[in-house]
């Protein structure tokens, strides 16, 4: 008999599984290493807390960590950091330690010089499973592969424990009054709101701050989500410059592979930003429901 101890799925997959009426009578005790990918829904302490009582206290739901197609997908692990939900509550997004044989460097993207611990820079990866090149694209290969390391285009931070944190993609960075804000970081923070099911963040032009984060928020079933209420919560849980403009939606636009269509949300953001904004400091930051 084949026994599986490791299972990989999206957070949505695990939530759907836990909501199956037949689950309490099903033996899933072999699933000692359940790993979740936070695509749309984010893994939160509340979701994790639901899993173990149903499957067994030995089975702790954990993030699948950092990886890319160019590196054969799995480059780090988070096992061992679940006590007191350290991996889920650490900021920015926690990715853990490199898998054996893999090396992370957070460096200046141009010079590839390593940066001090705690400073943000580009993640460079070296591993035995690294791609050798893009098919018939020597220029693209030369841009990302230098001195045996992959220039990922991702922004990272290495903490004092040697663990990698991932704020987001460099090209996704939002500049708010010259301060850097990453959509993935805000999405993970918004997921901690008890009434937020999912959130997707994109940049929106602003005449006073250059850009502001715009959060499209989908409420949990039965929750009376209020845009200004979400902003009040954000002001209490985020740095002031990270607090997003909030618009709540009935659903987020999705691709067939289960990812948010950020392009559609960027188009909506452009339409919202198009009317002249009032000079008032209040500047209508909570927009309510999408129309």
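Values quoted throughout were computed directly from the atomic coordinates according to the rules given, and no laboratory measurement underlies them. As the structure is a prediction and not an experimental result, all values here were calculated from the model. Ideal geometry is used to build each Cβ from the backbone, glycine not excepted, and the neighbour counts take in all protein chains shown.
Tabulated values for the structure
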item: Cβ-based exposure ranking for 63, 185, in which fewest neighbours within 10 Å come first; result: 185, 63
item: Contact order normalised by residue count of the stretch 10-135, Cα under 8 Å, 6+ apart, percent; result: 17 percent
item: Pairwise centroid distance, computed over Cα atoms, of the stretch 95-128 with the stretch 254-271, Å; result: 30 Å
item: Within a Gaussian network of the chain (alpha carbon springs, distance under 10 Å), most fluctuating of 259, 175, 42; result: 259
item: Ranking of 182, 39 by count of other Cβ atoms within 10 Å, fewest first; result: 39, 182
item: Taking the convex hull of Cα positions in the stretch 1-64, its mean projected area over all directions (nm²); result: 4.2 nm²
item: Antiparallel %, DSSP beta bridges [both residues in the chain], to 5; result: 70 percent
item: Expected 222 nm ellipticity per residue - DSSP helices of 4 or more, -39500 (n - 2.57), all of the chain, to 500; result: -6000 deg cm²/dmol
item: Beta bridges by DSSP in the stretch 21-175, antiparallel share as percent, to the nearest 5; result: 90 percent
item: Between the stretch 7-41 and the stretch 169-183, the alpha-carbon center distance in angstrom; result: 33 Å
item: Likely footprinting exposure, 69, 78, fewest C-beta neighbours within 10 Å first; result: 69, 78
item: Gain upon complete extension [residue 223, residue 267; 0.36 nm per residue less C-alpha separation]; result: 13.1 nm
